[in-house]
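What follows is a set of notes on a single structure, which appears directly below.
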Amino acid sequence: MKERRFGRLGARAPTSADEAFLDALYLDSRPDLGALPVPRGVIEGIARHQRAMQVEDYARRCSGLETWLVIEGGTPIARVVLAGEAGALRVVDLSVALAARRKGIASRVLRALQEECERLNLRVRTGNLAARRLYDELGFTLLRSDDATMELEWRQKREHPE
């Protein structure tokens, strides 16, 4: 099985045994679905369908995708989807399980990625203030934005000889 690390956190490729975790993770990232006035089973079905469409969309838009489950103590706590892109690494998606949020998981993953590349790109929803604060703390800068999203970039600082 393919493995990697994000700092001290382990990571592995997802398997079919991870589908329940991935479904729950997707639903965690979509509080709007949980607010629908329908039975929980219907919401879960909608989330499964939308997650499948998301996976297809990522594959269509990005070549050479790598999907990793971030592991802590043998348990998946997050998912990161990466793609190589014009001399950079793109974070296509980074989702942390609700129970693992606010514990520095996303920060550790992003810092590990910053250590292995010279340029890191990602997109964030304009209204995701917590993520935007994190990206600002990690040195990401705005490339462009629209009403819904912001395209951000981080570049390795180069040492200039005097």
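Here, each number is a calculation from the coordinates, and none is a lab measurement. Because the structure is predicted, anything quoted here is derived from the model rather than measured. We place every Cβ from the backbone using ideal geometry, glycine too, and count neighbours over all the protein chains shown.
Couple of notes before you dig in:
- Taking the helices alone, the chain has a mean residue ellipticity at 222 nm of -11000 deg cm²/dmol, built from -39,500 (n - 2.57) per DSSP H run of at least 4 residues and averaged over all its residues.
- Distance in nm between pseudo-label sites at residue 123 and residue 35 (7 Å out along the Cβ direction from Cα): 2.2 nm
- Each of 33, 17, 128 was placed along the dipole of the stretch 3-155 (beta-carbon charges, centred on the mean Cα), and the one lying farthest toward the positive end is 128.
- For a label point 7 Å along the Cα-to-beta-carbon line of residue 8, residues of the stretch 64-99 with backbone N under 15 Å: 71-74
- Sequence-separation-based contact order of the chain, relative, with Cα cut under 8 Å and 6+ spacing, percent: 17 percent
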